[in-house]
């Protein structure tokens, strides 16, 4: 315990910034469900301070409380003292995992599969062929599936793996255009293996705006799932793997259509780059500076503007959900709205609390699904109350969560990515 206290003590300077004012209680989606002090940022920071002071002798319990967090950043975005809560939580998870070790299941998932992108692709390809043995269509509208048998990990409605992954259908792409502008495309796991239509929409949007494309084969995960579980070794391995494929000199900007990937590359890669050589650290910094959300890139670099919304006619009513990693972490909110409003077939209407967390939180949804679903139902109700027939967002994980909630409620509301809405307007 003395060794662990010394390790956690490296966070002490950041912990003392917290004034214990309790403002995080008002914005934490988890605290709104449980009302437990240990589920809010202030409580978690107190637990970490207790480890330093030797008041707590239960690192497993503290780690479990740290894991019960969506990492949505609502607390940090609204903290009057400017406490870098997510920075502390990520570092604390790494320290505690290093001290206690990964669970056998997480070792298999992260170090056995995710850390080896080509092997992970092979497993996903095999799973896509076998999934019909375990999944059946959940309804005739959403495109979601539910478990054929009672399986705890599949006690929800899910989007099945695509029959053919995005990278398999597209391969390597390297194009140049007369504009001279070129964008690298970091696809991300969910788009590559589940929501492949988003990937094709990104390519269509770039080509339509005369942007050259750099799309290398065999991309890996951005590393967020591993880092969120404290597995710094797998995170580092994936950063190096992707860095070899995305040399900053090959493109002007690096675009992603996943809010989590964007935030991870821009913020977490540089933050945890201290283990790398000076040259590698410089490349990571350059890459982070070039990384943009696809909506941000299209609006700010290709001058997309909203269409004329006068005269509703037969237009489709649309609303938008702000992904936490996009708005709270990166401050990107106006650009996706401009992008979807550029499609004249839609009329935009803001929902209530558009930036309230949908409750997914990546692995949080797997470990704490009942709480995740309860938070998600609040988002579902806001979408329904907007009266829209389509909801757009900028994160595949949010799409999965929102689709699940709407489908279970029997709501026939389409869930799309913002770039898919835009791509519809440029299709021949």
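Tabulated results
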| item | result |
| --- | --- |
| Count of the range 190-211 residues which are part of a loop (DSSP other than H, G, I, E, B) and more than 10 Å from residue 166 (Cα to Cα) | 3 |
| The range 329-358, residues that are on the phi > 0 side of the Ramachandran plot and either surrounded by 20 or more Cβ atoms within 10 Å (Cβ to Cβ) or in a helix (DSSP H, G or I) (or both) | none |
| Positions within the range 371-403 being out of contact with any strand residue (DSSP E or B) (no Cβ under 7 Å at 6 or more places or on another chain) and either under 18 Å from residue 198 (Cα atoms) or outside any helix (DSSP H, G or I) (or both), in sequence order | 395, 396, 397, 398, 401 |
| Unique match (being at positive phi and surrounded by fewer than 23 Cβ atoms within 10 Å (Cβ to Cβ)) among 387, 361 | 387 |
| Looking only at the range 253-270, and only at residues there that are farther than 19 Å from residue 322 by Cα and assigned to a strand (DSSP E or B), the one that is nearest to the chain's Cα centre (by Cα) | 254 |
| Count of residues meeting criterion [touching a residue at least 40 places away in the same chain (Cβ under 8 Å) and more than 19 Å from the chain's Cα centre (by Cα)] in the range 409-420 | 2 |
| Residue check for residue 47: more than 26 Å from the chain's Cα centre (by Cα), buried (at least 18 other Cβ atoms within 10 Å of the Cβ), part of a helix (DSSP H, G or I) and not assigned by TED's automatic domain parsing to the domain that holds residue 357 | yes |
| Helices (runs of 4 or more DSSP H) contained entirely in the range 58-149, each with at least 1 residues that are in the same structural domain as residue 23 (by TED's automatic domain parsing) | 59-67, 74-77, 85-100 |
| Search result, residues across the range 168-189 that are surrounded by 22 or more Cβ atoms within 10 Å (Cβ to Cβ) and assigned to a helix (DSSP H, G or I) | 189 |
| Evaluation of residue 286 against (1) in contact with a helix residue (DSSP H, G or I) (Cβ under 8 Å, 6 or more places away or on another chain); (2) assigned to a helix (DSSP H, G or I); (3) buried (at least 19 other Cβ atoms within 10 Å of the Cβ) (one fails), failing number | (3) |
| Selected residue [touching a strand residue (DSSP E or B) at 6+ places or on another chain (Cβ under 7 Å) and at pLDDT 90 or above] from 124, 145 | 145 |
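The values are calculated or read from the model by the stated rules, or taken from the named source; none is laboratory data. What you see is a predicted model, and the numbers here were worked out from it, not measured in a lab. Cβ atoms come from the backbone with ideal geometry, glycine included; neighbour counts cover every protein chain shown.
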